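Structure, as C-alpha cells:
The values are calculated or read from the model by the stated rules, or taken from the named source; none is laboratory data. A quick note: this is a predicted structure, and the numbers were derived from the prediction, not measured. Heads up, the Cβs are rebuilt from the backbone with ideal geometry, glycines too, and the neighbour counts pull from every protein chain shown. Surface areas here come from the heavy atoms of the whole protein model, side chains and all, with no ligands, DNA or RNA. Shrake-Rupley method; radii C 1.70, N 1.55, O 1.52, S 1.80 Å.
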Amino acid sequence: MAFINDNFLKLQKNYLFADIAHRVEAYKTAHPDAPIIRLGIGDVTRPLVPAVIDALHKAVDEMAHAETFRGYGPEQGYEFLRSAIVANVFEPRGIALSADEVFVNDGAKSDTGNFGDILGRDNTICVTDPIYPVYIDSNVMAGRAGDFNNGLWSKITYCACSEENDFIPELPTKPVDMIYLCYPNNPTGTVLTRAQLKKWVDYALQTGALILYDAAYATFIRNEDVPHSIYEIEGAKECAVEFHSYSKTAGFTGLRCGFTIVPKEVTARGADGTRVHLNPLWNRRQCTKFNGTPYIVQRAAAAIYTEEGKRQVKEVVDFYLENARIMRETLMATGLKVYGGTDAPYIWFKTPEGMKSWDCWEMLLNDYALVSTPGVGFGPSGEGYIRLTAFGTREDCVEAMRRLKK
C-alpha cells in the first residue's frame, strides 16, 4: 500500500488566490452583468515589449531548421542568458558573480518553493508577517512548519510587520535557521534601506542562518538608499540565496522565466557539523528534477538586456508605477492609511472603521465590483488590511479609483 506525505493534509483548506477566484466566480454567477475590475492577483496587463517579441520570433524560426534546432538545454540555463544577467543586473552595482552562480528557472515561485529540497527538515523557519503564502506552504509540505493553531504554525517564528513598527521587521528573538525576506515586499509594498537590510545580513553571519531573499520586484525601486540585491550588503554572499523573476519586470507571467543566485561562498551545516557549499547541491538538484527553461523563452529573456529591451521594459515598469501613484494618492485623499506604491507595484491600505480584511474584501466586490486581496490571507498581521496591485490597465485603474472616491 502506498502512503501519502501527511504534511499535505496540514495545508489550509484553500490556497489564498484559489479561494479568491472561487468567490469571484460565485459573484459573477449572481451578477453576470457586473463590470468587475480585478486589482487582486498580481498578473500583468501590458503586452510583451517589441524586443522580446522579435527575439521570440527569431528563436522559433531557429527551431524550424536542423542547423539551429535546440533540443534539451543545460538545466542551469544557457550561457548567453546567464552571462547577460551577470553583466546587466549585478556588475553595474559592483557585485562580482560568475555565470555558474546563476540558475535560470521557470519563475521565482518555483525556486522559492523548491530550494528547501536541499535543506534539512529540522531547520527552524523565520518569516516576516504578513508574507507571500508560498514560503510557508512549501515548508508545511516539507514538514518544517509544525501544527497550525490560532492562525500560526507552531515551528515558525513570525516577525510582525505593522504600522506600529513602520512595517520594518525586528530580528527574531530566538535562534532560527532559514529566514525568508521579500523586498520590495509582497504584499505590503514596503522596502528596507541598506542599513536595515545589513542588520539581517549581520545576524545571519553571526548565527549561521541562511537568508532566502526574494528580489522579484527590484526593478520597481526608485529610492537610491534601497538595495536592488542583497549582495550589495557586505558578507551577503556567504549567507544568502537570491531569487529574481521576469514576470512583473518584463511581463513574463505567461512565458515563465526567472533566475536564482546561489553564490559559491554560501554554505549550510551538514549532519557532522561541517559547512557544505550549496551551489553544487542546488546544481545537483536541478539536474535531477528540472529539465531547464525553454530555449525560446531564454532568448526572450536575454532580449530585455539589449539597449532597446532595457528602454522598453523601463517604460512598462514606469507605467505600472504610475498606476500605483494614482491609486496611492486617491486612496490617501479619501482618508485611508496607505503604504507601498512608491518602490513597489503594491498598495497596502488599512481597512476603514476597523473592518476585518475579508469583510472589506466583500464590500469592495459587492458595492464597487472591485477584486482585491484580503491582507489576512498573507498572515495574522495582515488582518485589517487590503492589498491592491498596480498591474491593471490604466483605464481600469482610473475607473476603480473613481468608484472608490464615492
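Among the residues making up the stretch 132-145, those that are modelled with pLDDT of 95 or more and assigned to a loop (DSSP other than H, G, I, E, B) are Gly143, Arg144, Ala145.
Of the residues making up the stretch 309-320, not a single one is touching a residue at least 40 places away in the same chain (Cβ under 8 Å), of a type in the set (Val, Ile, Thr), crowded, with 20+ Cβ neighbours inside 10 Å and in the same structural domain as Asp166 (by the TED database).
Of the residues contained in the stretch 87-95, none is found to be within 22 Å of the chain's Cα centre (by Cα), closer than 25 Å to Asn323 by Cβ and assigned to a loop (DSSP other than H, G, I, E, B). Checking the structure you have, find out if any residue of the stretch 155-171 is touching a strand residue (DSSP E or B) at 6+ places or on another chain (Cβ under 7 Å), over 30 Å from Ala271 (Cβ atoms) and of a type in the set (A, V, I, L, M). Scanning the stretch 155-171 turns up at least one residue that is touching a strand residue (DSSP E or B) at 6+ places or on another chain (Cβ under 7 Å), over 30 Å from Ala271 (Cβ atoms) and of a type in the set (A, V, I, L, M). Out of curiosity, is Asp54 part of a helix (DSSP H, G or I) and not hydrophobic (A, V, I, L, M, F, W, C)? Yes: the conditions hold for Asp54.
Within the stretch 48-102, being in contact with a Ser or Thr (Cβ under 8 Å, 6 or more places away or on another chain) and of a type in the set (A, V, I, L, M) holds for Ala51, Val86, Val89, Ile95, Ala99, Val102.
Of all the listed residues (Val86, Val60), the sole one being in contact (Cβ under 8 Å) with a residue 24 or more places away in the chain and either touching a His at 6+ places or on another chain (Cβ under 6 Å) or surrounded by 12 or more Cβ atoms within 10 Å (Cβ to Cβ) (or both) is Val60.
Residues in the stretch 163-185 that are of a type in the set (S, T, N, Q) and either touching a Pro at 6+ places or on another chain (Cβ under 9 Å) or more than 19 Å from Arg387 (Cβ to Cβ) (or both): Thr173, Asn185.
Hey, could you check the stretch 256-296 for residues that are small (Gly, Ala, Ser) and closer than 15 Å to Ser110 by Cβ and say which is most open to solvent (accessible area, probe 1.4 Å)? Across the stretch 256-296, the extreme among qualifying residues is Gly292.
Here is a yes/no grid of residues against (1) touching a helix residue (DSSP H, G or I) at 6+ places or on another chain (Cβ under 7 Å); (2) under 19 Å from Ala218 (Cα atoms); (3) open to solvent by less than 50 Å² (accessible area, probe 1.4 Å):
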residue: Tyr27; (1), (2), (3): yes, no, yes
residue: Ile95; (1), (2), (3): yes, yes, yes
residue: Leu119; (1), (2), (3): no, no, yes
residue: Asp122; (1), (2), (3): no, no, no
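Residues that are within 21 Å of the chain's Cα centre (by Cα), assigned to a strand (DSSP E or B) and free of Cβ contacts under 8 Å to residues at least 24 places away in the same chain are absent from the stretch 342-356 altogether. Mind checking which residues of the stretch 325-341 are assigned to a helix (DSSP H, G or I), in contact with a strand residue (DSSP E or B) (Cβ under 6 Å, 6 or more places away or on another chain) and under 23 Å from Thr193 (Cα atoms)? The one that is assigned to a helix (DSSP H, G or I), in contact with a strand residue (DSSP E or B) (Cβ under 6 Å, 6 or more places away or on another chain) and under 23 Å from Thr193 (Cα atoms): Arg328.
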